[in-house]
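All remarks here apply to the structure that follows.
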Amino acid sequence: MTELLSEQPTNPELLKENPVIVVDIDGVLFDTPQHAVDRWNAEHGTTYSVEDIFDHNAKHNKERGVGRHYHDNGSEADPETGERFDDIFYGAQKDVANYLLMPGAREVLAKLKEEYGASVHALTARDKNNLEDVTLTALGEHFGVGEAEEHLIDELHFSGDPDFIGETQADKGTILRDKLGAHIMVEDSIANAKSSKKANVATFVLSRAYNQNEQHDWSPEDTAPDWDTLYHLISKSLDEQGFRKVTE
C-alpha cells in the first residue's frame, strides 16, 4: 500500500505527475450484479431483474426468496439463525470463468495510465478472507495486477465485508484519503460515492440499472452512462486538479 500522503495541493498552477485513480470492482470493472442475477435465474428458475436484487447503494436484498436459497447443504450460514443458504452475489463472485467485463473499462484505464502516468488501485468491499484469490485471478486475467508495465491495476485493496458496506463506507473514505492519496474514485454505490466525495476525492458514479431505480441526490453531472464518458469526466477533473498529460 502506498505511503500516507499529506493534504492534496490546491494550487491549479502546480503541475503534478502521478495522479491516483481508485476504482471499485463489482459493478465498475465487472458486471457482477448482472452476472449474479443471470446465474441465479438459470439455477433457480426465477425471473429477477438486476433492479429486483440490488438497490442504488449496490446492496443486494438478502430476504428469503430474493437472492438467498435456504437449505441444509447451503454454502453459507446466517450468523443470526445458523441456517444454511446459497447467496446470489457470493456465488457469482466466485464464478471467475464467467465474469462479465464492463465494456471500455480496460481501454480507458490503459489510456489514463498512458496519458497521465496514473497509478490505478482497485478498492473493494469484498470479503478478503473468502475472495482474495478469486479477485486476484479475475483482475490478473483481465487487467493485470502489479508493477509490470503491461499491468493496469497497481494494487488491490479490501475495505471490508460486502454484507456491511453501509457500515464501512466511512472506512472506504478514510482509505481513499489517508492511505491511497486518491485523486479520483469510480463507484456504483451512491452511499460510497458520497463517502468518497466527503473525503475530498473527486468521485464519479457509473450509471447502472439498479443505482438509478430510486431517487437520490447524487449529481447527474458526476454520473456516467459508460466508461467512455467516465474518461472525459476523469480527464476534466485531473486537469482541474492541476495534472497535465505526459503524452498526447
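The values are calculated or read from the model by the stated rules, or taken from the named source; none is laboratory data. Predicted model only: the values in this text are computed from it and were never measured. FYI the Cβ positions are ideal-geometry reconstructions off the backbone, even for glycines, and counts take in every protein chain you see. SASA here: full protein model, heavy atoms, side chains in, ligands and nucleic acids out. Shrake-Rupley method; radii C 1.70, N 1.55, O 1.52, S 1.80 Å.
What the table shows:
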quantity	calculated
Scope the range 82-95; condition touching a residue at least 24 places away in the same chain (Cβ under 8 Å), in contact with a strand residue (DSSP E or B) (Cβ under 7 Å, 6 or more places away or on another chain) and open to solvent by 20 Å² or more (accessible area, probe 1.4 Å); matching residues	Tyr90
Residue in the range 6-28 that is open to solvent by 30 Å² or more (accessible area, probe 1.4 Å), out of contact with any Asp or Glu (no Cβ under 6 Å at 6 or more places or on another chain) and modelled with pLDDT of 85 or more present	yes
Test: residue in the range 39-46 that is farther than 22 Å from Lys236 by Cβ, out of contact with any Gly (no Cβ under 8 Å at 6 or more places or on another chain), modelled with pLDDT of 90 or more and not charged (D, E, K, R)	yes
Total residues in the range 184-209, condition touching a residue at least 40 places away in the same chain (Cβ under 8 Å) and open to solvent by 10 Å² or more (accessible area, probe 1.4 Å)	4
Residue in the range 96-114 that is more than 23 Å from Leu206 (Cβ to Cβ) and either open to solvent by less than 40 Å² (accessible area, probe 1.4 Å) or out of contact with any strand residue (DSSP E or B) (no Cβ under 8 Å at 6 or more places or on another chain) (or both) present	yes
Some residue of the range 157-167 being within 18 Å of the chain's Cα centre (by Cα), modelled with pLDDT of 85 or more, more than 30 Å from Gly45 (Cα to Cα) and not hydrophobic (A, V, I, L, M, F, W, C)	yes
Count of the range 210-240 residues which are more than 17 Å from Lys194 (Cβ to Cβ) and open to solvent by 50 Å² or more (accessible area, probe 1.4 Å)	8
Flag if Leu152 is under 25 Å from Gln93 (Cα atoms) and either open to solvent by less than 10 Å² (accessible area, probe 1.4 Å) or modelled with pLDDT under 95 (or both)	no
Those residues of the range 32-47 which are closer than 12 Å to His69 by Cβ, touching a helix residue (DSSP H, G or I) at 6+ places or on another chain (Cβ under 9 Å) and not in a helix (DSSP H, G or I), in sequence order	Thr46
Residue ranges of strands (runs of 3 or more DSSP E) in the range 48-147 with at least 3 members within 22 Å of Ser159 (Cα to Cα)	119-124
Residue check for Pro79: open to solvent by 40 Å² or more (accessible area, probe 1.4 Å) and under 16 Å from Gln34 (Cβ atoms)	no
Number of the condition not met by Asp127 [criteria: (1) open to solvent by 50 Å² or more (accessible area, probe 1.4 Å); (2) acidic (Asp, Glu); (3) at pLDDT below 95]	(1)
